[in-house]
Amino acid sequence: MLFPIISGVCCLIVLGSFAIPAIMSKSWLPPDVGTSSSSRMACYAVLFLFYFCNYFIMVFFNAAIVACVTIRMKGGDPSVSDGLRAAFARLPLIAGWALVQATVGLILRIIEDRSEMIGKIVAGLIGLAWTLTSFLVIPVLVVEEKGPLAALEESTTLLKKTWGEQLIGNFSFGLVFFALSIPAFVFIVLGFASGRTGMIVAVILAAAYLIGLGLIQSALQAIFQSALYMYVRNGQVPPGFQADLLDNAIMQK
């Protein structure tokens, strides 16, 4: 749980370091039809840098979680320092994958900007396909220490061997945590109905609840990725998991 917390704090710092100067300089608006080519390029360059910084942070701490999970599943007793040490040892690979992620993210953003409705649909479909094919990249990167493109190729190969596991896994996580987030909205509704003080308290409680839920989801999804990778790669059920549960998470082609 510590890794998602640190990751979230670092991402907020990155957001502030980009948002505050942009707002103060009144350059935070996205490019539109009337924007000059130079301004558009500058905007996309800043956006790319923002994507890269965020992806680097998220990939770094997810790699640390995967490293700890892998150690635990092999019978070890990992510590926070073990995860950080493993992530630092793979820093060039992490930076490379963050660069790939930022590039894809920028391309999807440009597609959206080019055509609002059709662009959003196309970007959504491409984004879904990208999410599926890249789902196991970080475990491959951490365990096998392959480069970003080789890790992506390996993730795609594993996906083809066991078609459907990423789709079902992602859907399950999203569905479960959406259901678990409902109490937060109930807090807000009740707060609005109970006056100013109740509204403030309800919003604070709801925000804290959603943040905690997001941290848990982030950690659990990294654990799920690691377990699924080991199961697909070695055909062995990782300790702490049951074969029937993993079988239900994987739909063989």
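The values are calculated or read from the model by the stated rules, or taken from the named source; none is laboratory data. Only a predicted model underlies this, so the values are computations on that prediction, with no experimental measurement involved. Note: ideal-geometry Cβ built from the backbone for every residue, glycine included; neighbour counts use all protein chains shown.
Does S172 meet the test of being in a helix (DSSP H, G or I), over 24 Å from I94 (Cα atoms), at pLDDT below 80 and small (G, A, S)? Give the derivation first.
Numbers: in a helix (DSSP H, G or I): yes; over 24 Å from I94 (Cα atoms): yes; at pLDDT below 80: yes; small (G, A, S): yes.
So S172 fits the description; yes.
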* Structure fact -> Within segment 219-253, the residues that are at pLDDT 80 or above, within 19 Å of F177 (Cα to Cα) and not aliphatic (A, V, I, L, M) are Q221, F224, Q225
* Filter the helices (runs of 4 or more DSSP H) completely within segment 55-150 down to those with at least 2 residues that are crowded, with 17+ Cβ neighbours inside 10 Å, in contact with a Pro (Cβ under 9 Å, 6 or more places away or on another chain) and assigned by TED's automatic domain parsing to the domain that holds V9. => 91-114, 137-144
* Does segment 94-110 include one or more residues that are at pLDDT below 95, over 30 Å from F48 (Cα atoms) and charged (D, E, K, R)? -> no
* F185, sole failed condition from (1) among the aromatic types (F, W, Y); (2) loosely packed, with under 15 Cβ neighbours inside 10 Å; (3) within 22 Å of the chain's Cα centre (by Cα); (4) at pLDDT 80 or above -> (3)
